Structure formats: structure tokens, C-alpha cells
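**Q** The structure's right below; bear with me while I get my questions together.
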Amino acid sequence: MRPFLTRLFSDREIIRLPGGPIGQFFIGRMIAMSRTREVQENYEKIGGGSPIVRWSTLQGRGICERLRRRGHDVEFALAMRYWNPTTDDALDELESKKVDRLVALTLYPHYSMATTGSSLAELRRVMKRRRTRLPLAVVDRWYDHPGYIAAMGALAKKALATFPADAKPTILVSAHGLPQHFIDAGDPYCQHIVATMCGILGHLPPELPHVLAYQSRVGPVPWIGPSTEAVIDRLAGEGVRDVLVVPISFVSDHVETLYEVDLLYGEQAKKRGIRTFRRAESLNDYPPFLDSLADIVEPALRG
């Protein structure tokens with residue numbers, strides 16, 4: 001866990017800590033050391049590890065299966081930004097399969113320099129260092145793709161059907177947070193989040209109230225808001241009894257959904273008197289979502 005956190009907090013493309021690169025080196029390591037045990041305990045509460053590699057692998061396989069049925073000769077490899085398999089590992093795998101070109105598909109639907117931007121920069125750095133000459137096409141955002149929106153809407157409707165008959169749930173759309181300086185510099189992330197939210201709400205009963213919040217703040221820098229914790233407190237204070245959380249910017253289950261939403265926010269909601277607090281299922285290997293990912297990739301194969 002500590003090497004993962006060290007890589008994360010050392011990356012100035014995602015979190016710019018005070019003191020420039022030197023300050024980042026020392027402060028990042030201090031944060032990683034101080035948070036290691038807490039994060040380990042969080043992972044222990046969701047089974048001892050993250051399922052994100054398993055889900056991402058199933059998503060890659062599902063995309064390839066669909067594209068092969070459409071007549072495309074494709075392979076895939078998974079690259080994680082701060083842990084294994086690395087970008088080097090992914091290129092090793094693809095080169096061993098003798099591919100003749102690359103399509104980089106981000107699994108972040110909403111573009112940000114902190115996520116997709118950092119990952120693509122790392123891919124290009126590694127390709128340059130390895131002298132990889134394969135043509136590269138990039139799919140760097142798909143926040144408004146109709147198939148993705150429809151899949152999210154379907155899972156949210158499925159969750160709504162589990163609420164008590166007398167409930168009128170508030171839809172709490174919870175997106176991953178982002179340091180404020182990215183937005184100040186023109187990052188489109190929040191605009192993309194709002195577009196996705198509006199698309200999903202178009203699939204849900206229009207009379208249901210909704211609110212947008214941002215979760216997963218880390219590090220000693222200002223982050224966008226309002227925070228999901230603050231919004232839960234506000235809803236409880238307003239007498240809201242039923243809440244459906246729809247996490248967006250997450251395409252699979254991992255610590256932000258299984259621990260942060262289900263356990264941490266679930267316990268907060270219970271203590272504040274919210275009667276029913278539920279989360280829409282994550283996309284994971286949901287077939288309509290895999291269909292949409294194949295649709296998103298296919299145009300890049302024809303280019």
C-alpha cells in the first residue's frame with residue numbers, strides 16, 4: 001500500500017503539493033507514510049484488497065469479444081497509473097502479441113488533466129523511452145456517450161425499485177473530487193460531470209430531487225465541492241429520509257464505492273437519521289455498458 005500511495009502523492013500532474021518538485025518529494029512521502037495504516041484498514045473492510053484490476057480486466061475482455069464479433073482483430077492489455085500492471089507491463093504484453101497499432105482507451109469517462117491527462121502523459125513518456133513506434137490513437141473522454149448514459153440510468157432505475165413504496169428518494173450524484181487548481185486552470189472535468197448527471201437524470205422520474213457532490217478528498221490543498229459528507233449532513237438536516245447515491249466517474253467497484261460510499265457514508269447517513277441510504281450498482285461487467293465501450297472504441301479502429 002505505501003508504494004502505491006507514494007507514487008500517487010508524488011505525481012504533480014494530479015496533486016500539486018507546496019514547495020515545488022522538492023516539496024512534493026518530501027511532503028508526498030510524509031503523506032503516504034501517515035496514511036498507509038488507515039488505507040490498509042479501509043481495504044481490509046472491503047475484503048482485503050481492491051477488485052478494480054479484476055473488473056477492468058473483465059471490461060477489456062468484454063470489449064474485445066464484442067469487437068471480434070464485429071470483425072475486428074484486436075487484443076487488449078491493462079495499464080494502471082500508480083500500480084501494477086504498469087504501462088510498461090501493458091506495452092510488453094501488446095508487443096508480444098505483435099500488434100501493429102495502439103488505441104488508448106481511458107476508463108475515466110470525464111476528461112481531466114489529473115486523471116486521463118496524467119495517464120496519457122505517462123503512456124507517451126514510456127513509449128518514447130522504449131522507442132515504441134506503433135501508431136497511437138486516443139479515446140480520452142466519453143462522458144456523454146448515449147450507451148454509457150443509458151447503462152447508468154438503467155442501474156439507477158433498478159436501485160430506485162428497491163426503495164419503500166412511500167419513499168421519494170433524493171438522488172445524490174457523487175463524483176470523484178479534484179483539486180481546485182485544475183478547474184481554475186480551465187480543466188473541463190466539472191462540465192463533463194454535469195453533462196453526465198443531466199443525461200442520467202433524463203432516464204429517471206423527473207419529480208425526484210437531486211444534488212451533486214464530490215467525494216474522496218485527499219492532501220493539504222483546496223478541492224472542489226460541495227463534499228459528499230457535507231451534502232449528506234445537509235439533506236439529513238432538511239429532513240430527507242431516503243437517498244439514492246449514484247456514483248459517477250467510477251466505472252467499477254473499488255474502495256471509493258465499497259468503503260467510502262457503502263460503509264463510511266452509509267454509517268454517517270444512519271447516524272443522521274436517514275431511513276434508506278442505497279447506492280446504484282457499479283457498471284462493472286454490465287453487458288449494456290460493455291456494448292457501449294465497444295461502440296466507443298470502434299471508430300478509432302477505423303481511423
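The values are calculated or read from the model by the stated rules, or taken from the named source; none is laboratory data. Predicted, not measured: the structure shown is a model, and the values here were computed from it. Cβ sites come from the backbone with ideal geometry, for glycine too, and all protein chains shown count toward neighbours. These area figures cover heavy atoms from the full protein model, side chains too; ligands, DNA and RNA do not enter into them. Shrake-Rupley method; radii C 1.70, N 1.55, O 1.52, S 1.80 Å.
**Q** Just the Kirkwood number for the stretch 65-179, please: inverse of mean 1/r across all distinct Cα pairs, in Å, one decimal. Intermediate values should be presented prior to the final figure.
**A** Working: mean 1/r = 0.0585 Å⁻¹.
One over the average 1/r among Cα pairs gives 17.1 Å for the stretch 65-179.
**Q** Share of the stretch 42-88's accessible area from carbon and sulfur, percent, 1.4 Å?
**A** 48 percent
**Q** Please report, for the Cα atoms of the stretch 173-291, the Rg to one decimal and the Dmax as a whole number; what are they, in angstrom?
**A** Values for the stretch 173-291 (Cα only, Rg and Dmax): 14.6, 41 Å.
**Q** Just the Cα atoms of the stretch 239-299, one point each, no solvent: what log10 I(q)/I(0) does Debye give at q = 0.20 Å⁻¹?
**A** Once normalised to I(0) and log-transformed, intensities are -0.78.
**Q** Computing the accessible area with a 1.4 Å probe over protein heavy atoms, can you report the carbon and sulfur percentage for the stretch 185-303? Write out the running numbers ahead of the final one.
**A** Numbers: 2730 of 5050 Å².
Summing carbon and sulfur atoms, their accessible area is 54 percent of the total for the stretch 185-303.
**Q** Take every DSSP beta bridge with both residues inside the stretch 159-263 and express the antiparallel ones as a percent of the total, to the nearest 5. Kindly include the intermediate steps, with their values, before the conclusion.
**A** Values: 1 of 14 bridges.
Within the stretch 159-263, antiparallel bridges account for around 5 percent of the total.
**Q** Out of residues 5 or more away from THR86 or on other chains, whose amide H comes under 5 Å of its own, with H placed 1.01 Å from N in the peptide plane?
**A** The answer is MET80.
**Q** Turning to a different aspect of this structure: Please tell me the relative contact order of the stretch 160-254 in percent, rounded to the nearest whole number, where contacts are Cα pairs under 8 Å and at least six residues apart. Walk me through the numbers on the way to the answer.
**A** Values: 110 pairs, mean separation 46.2, N = 95.
Across the stretch 160-254, relative contact order equals 49 percent.
**Q** Now a separate question. Tally the DSSP beta bridges in the chain and give the antiparallel ones as a percent, rounded to 5.
**A** Values: 1 of 22 bridges.
Beta bridges within the chain, antiparallel portion: roughly 5 percent.
**Q** Pop out the ³J(HN,Hα) list for the stretch 284-292 in order, Karplus 6.51 cos²θ - 1.76 cosθ + 1.60 with θ = phi - 60°, rounded to Hz; leave Gly and Pro as x.
**A** 6, 9, 4, x, x, 5, 5, 4, 5
**Q** With a cut-off of 8 Å between alpha carbons and a minimum separation of six or more residues, what is the relative contact order of the chain in percent?
**A** 22 percent
**Q** For every other residue with a beta carbon closer than 10 angstrom to the beta carbon of THR106, add +1 if it is Lys or Arg and -1 if Asp or Glu, then tell me the sum.
**A** Details: positive: ARG141; negative: ASP140.
Local net charge: 0.
**Q** What residues qualify as long-range amide H neighbours of ALA137, i.e. H under 5 Å apart, gap of 5 or more or another chain, H built at 1.01 Å from N?
**A** Long-range HN contacts for ALA137: LEU102, VAL103, ALA104.
**Q** Oh, and also: Measuring with a 1.4 Å probe in the full set of protein chains, what accessible area per residue, in whole Å², belongs to the chain? Numbers along the way, then the final one.
**A** Numbers: 14640 Å² over 303 residues.
With the other protein chains kept in place, the chain gives 48 Å² per residue.
**Q** If you take the beta carbon distance between ASP89 and GLU207 as r and set R0 to 51 Å, what does 1/(1 + (r/R0)^6) give as a FRET efficiency, to the nearest 0.05? Don't skip to the end; give the middle numbers.
**A** Numbers: r = 49 Å, r/R0 = 0.96.
Efficiency at R0 = 51 Å is approximately 0.55.
**Q** Follow-up. What number do you get for the stretch 107-228 when its Cα radius of gyration is normalised by 2.2 N^0.38 Å, N = residues? Present the calculation step by step, with values, prior to reporting the outcome.
**A** Details: Rg = 17.8 Å, N = 122, 2.2 N^0.38 = 13.7 Å.
Taking N as the residue count of the stretch 107-228, the ratio is 1.30.
**Q** How far is the Cα center of the stretch 154-201 from the Cα center of the stretch 244-260, in Å?
**A** With the stretch 154-201 and the stretch 244-260 each reduced to a Cα centre, they are spaced 11 Å.
**Q** For ARG272 and ALA165, FRET efficiency with R0 = 25 Å and r from the beta-carbon atoms, rounded to 0.05? Present the calculation step by step, with values, prior to reporting the outcome.
**A** Working: r = 23 Å, r/R0 = 0.92.
With R0 = 25 Å, the Cβ-Cβ based efficiency is 0.60.
**Q** Subtracting the Cα-Cα distance from 0.36 nm times the residue separation, let me have the gained length for VAL221 to ARG131 in nm, one decimal. Write out the running numbers ahead of the final one.
**A** Numbers: separation 90, 0.36 × 90 = 32.40 nm, distance 3.65 nm.
Gain on extension, VAL221 to ARG131, equals 28.7 nm.
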